[in-house]
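Laboratory data are not the source of any read-out in this text; all were calculated from the coordinates shown. The shown structure was predicted, so the numbers you read here are calculated from the model rather than taken from an experiment. A quick note on method: Cβ atoms are made from the backbone with ideal geometry, for glycine too, and the neighbour counts reach across all protein chains shown.
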């Protein structure tokens, strides 16, 4: 990094931290910003790439205790100073810095030694050496590079996806690893196991394992957010006269539902709290009633049904629909 940058750039402001930020908070802030602006997550976005370089540059200096001390001293000493190229007028810009020592543009030998010893610690020279040298990361710029992510796919039965479980998968190297499947995981959802992927090539954090979940359909139940749905057949007599029926739950036990007299096909009855239970709450069991029409009737049943038709109301159930269609 050129020495001028140490005066011009406020690395604390770039990272959005205070000057007394701890190493742990500094690292936490940098990782959050790096994930947001990393070029892999913002492909083709020049502004995001430039921002990533800025935060990486700032972190590479502030995360090194010695560089951070030098940076703080230089910023405190040279606030407002400018280094200009020799021949551009004056004495190359050094007078601005030395005037801080009250010499009116001239400095004693001791002053020179104090200043230059600051810039040459560790064998470097002014404007070179350790100042802001990149230490890996994206295109060699800023901070250790995170290890690569690994991907895996698993297929769960419907009940396991709804209720949650801990399963064992096999990594690419043949080693088994456990995955905690949270209750309510959906088909196509991804579970990220942080730090379980490839190691970093230069001492950074390890990558992740990303597990994509597929869920087998259930023969009876379907998901509707946190609710579970099922279709329950009822007889014509049950729907007409009313009845108490039993329906299954995903856990295996049954619950009783009251079908009111005159219930139409398609009505949904709700059982509170018997759906999907997660940390965000619990859904309900939604039972949609469908009137089951018998496909075979014996002569006695047909005769009884014909007698019912003769005695029943003479309403046309399609009359209202026809009137609306004409309107």
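Peptides 310-318, 204-212, 250-258, 36-44 ranked from most to least packed give 204-212, 36-44, 250-258, 310-318, packing being the mean of other C-beta atoms within 10 angstrom over each peptide's residues.
Rounded to the nearest 5, what % of the DSSP beta bridges within the stretch 222-295 are antiparallel ones?
On the way: 15 of 22 bridges.
Antiparallel bridges: around 70 percent, rounded to the nearest 5.
Full extension of the chain segment joining residue 148 with residue 227 gains 24.7 nm, where the gain is 0.36 nm per residue of separation less the Cα-Cα distance.
Between residue 320 and residue 8, the simple label model (points 7 Å from Cα in the Cβ direction) yields a spacing of 7.7 nm. By DSSP, the beta bridges lying fully in the stretch 150-215 are antiparallel in about 60 percent of cases.
Taking the stretch 255-287 and a reference point 7 angstrom along Cα→Cβ of residue 235, the backbone N atoms nearer than 18 Å belong to 257-265. For the stretch 238-294, what class follows from the C-alpha gyration tensor (a ≥ b ≥ c being the square roots of its eigenvalues): rounded when a/c is under 1.5, otherwise prolate if a/b is larger than b/c, else oblate? Cα axes put the stretch 238-294 in the prolate bin. For the stretch 150-215, what class follows from the C-alpha gyration tensor (a ≥ b ≥ c being the square roots of its eigenvalues): rounded when a/c is under 1.5, otherwise prolate if a/b is larger than b/c, else oblate? Cα axes put the stretch 150-215 in the prolate bin. Between residue 254 and residue 157, the simple spin-label model (points 7 angstrom out along Cα→Cβ) gives 2.1 nm.
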